[in-house]
Amino acid sequence: MGWNITATFIKNVGDIKINIELLESLGFRGFKLIGETDFNIGPEIGETHITKHKDNLIIANADLCWQFAKPEQSLTEKKFLENFPNSEIIQISIGHGLSYCIFQNGQKIRLREAGDEIYQDYGNPLPEEIIVRTQELISKEDLDEMREDLTEEEIQNQIESEVSYETAFELTKRIFGKRYDEFELSEYEMKGLKFVNKAVESERDYGKKAEIQFVQ
């Protein structure tokens, strides 16, 4: 199954109301409420879906991850930490890029962005990463075949990409108690509110599509 997950999870938010005011307080701009729909954890660009799972808030937006991956702290990241200074915040992207970012007690403790190589690698390895590295991510047979066409550096990059992929799914256990890719079909059926920024549709420049959704 080709996964598309671009979600930010905020743990232990308590009794919080999901509305446009919440969205704007987190740095989103130009969004309008569409209404209640099936929750989409990998929405189209320009859409934002929000739901709650138990005591955890889940915000799905295809471009929010880039606000957490900038060299300098973005205004959106700052607003998230101001709103949830004591919450663990977990951002995961699988499919639309591959990355994860973790905040604890108002501090970014881990950021990893992977692809053909590791683009960003900030902070210390997470417990999930350490466990994943003990697993056989690529079989010996496959490694032998890869060595016929790839350099050792290219193979290592693929291994690191696998580590990132598996770690991202392992992090979903912190929210759901098990990996998101281990759900029964009925467990994916969640309801949430959908918001849309219509200016994104008419913008042709992808970089601008990503930026016009958030305060700058």
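Any chance you could tell me what percent of the C-alpha pair distances in region 81-196 go past 16 Å?
Values: 4522 of 6670 pairs.
Tail of P(r) above 16 Å: 68 percent of Cα pairs.
Per residue of region 115-128, what does 6.51 cos²θ - 1.76 cosθ + 1.60 with θ = phi - 60° give for ³J(HN,Hα)? Whole Hz please, x for Gly and Pro, Karplus curve as stated.
Per residue, the Karplus-derived 3J(HN,Hα) values read x, 5, 8, 8, 7, 9, 8, 9, x, 8, x, 7, x, 4 Hz.
Roughly speaking, to the nearest percent, how much of region 43-138's 1.4 Å accessible area is carbon and sulfur? It would help to have the intermediate numbers written out before the result.
Details: 2020 of 4340 Å².
Reported share for carbon and sulfur atoms: 47 percent.
Kindly provide the helix-only [θ] at 222 nm of the chain, computed as the sum of -39,500 (n - 2.57) over DSSP H runs of four or more divided by all residues, to the nearest 500 deg cm²/dmol? Before the final figure, lay out each step's value.
Numbers: 9 runs with 66 residues, N = 216.
Theoretical 222 nm ellipticity from helices: -8000 deg cm²/dmol.
Averaged over all directions, how much area does the convex hull of the C-alpha atoms of region 8-71 cover when projected, in nm²? The partial results should precede the final answer.
On the way: hull surface 19.2 nm².
Here the figure is 4.8 nm², rounded to one decimal.
For the chain, with the dipole built from +1 on Lys and Arg beta-carbon atoms and -1 on Asp and Glu ones, taken about the Cα centre, which of Gly123, Trp3, Leu23 lies farthest toward the positive end?
Leu23
For the chain, what is the accessible area per residue in Å² when the probe is 1.4 Å? Could you put the intermediate results ahead of the total?
On the way: 11310 Å² over 216 residues.
Accessible area per residue, the chain: 52 Å².
When only the heavy atoms of the protein chains count and the probe is 1.4 Å, how do Ile89, Ile212 rank by accessible area, highest first? Kindly include the intermediate steps, with their values, before the conclusion.
Values: Ile89 0, Ile212 45 Å².
The ranking, largest first, comes out as Ile212, Ile89.
Run through every distinct alpha carbon pair of the chain and return the Kirkwood hydrodynamic radius in angstroms, one decimal place.
Values: mean 1/r = 0.0550 Å⁻¹.
Hydrodynamic radius (Kirkwood, Cα only) of the chain equals 18.2 Å.
The values are calculated or read from the model by the stated rules, or taken from the named source; none is laboratory data. Just so you know, these numbers come straight off a predicted model, no measurement behind them. Reconstructed Cβ throughout: ideal geometry from the backbone, glycine too, with neighbour counts over all protein chains shown. Please note that ligands, DNA and RNA were not included when accessible areas were found on the heavy atoms of the full protein model with its side chains. Shrake-Rupley method; radii C 1.70, N 1.55, O 1.52, S 1.80 Å.
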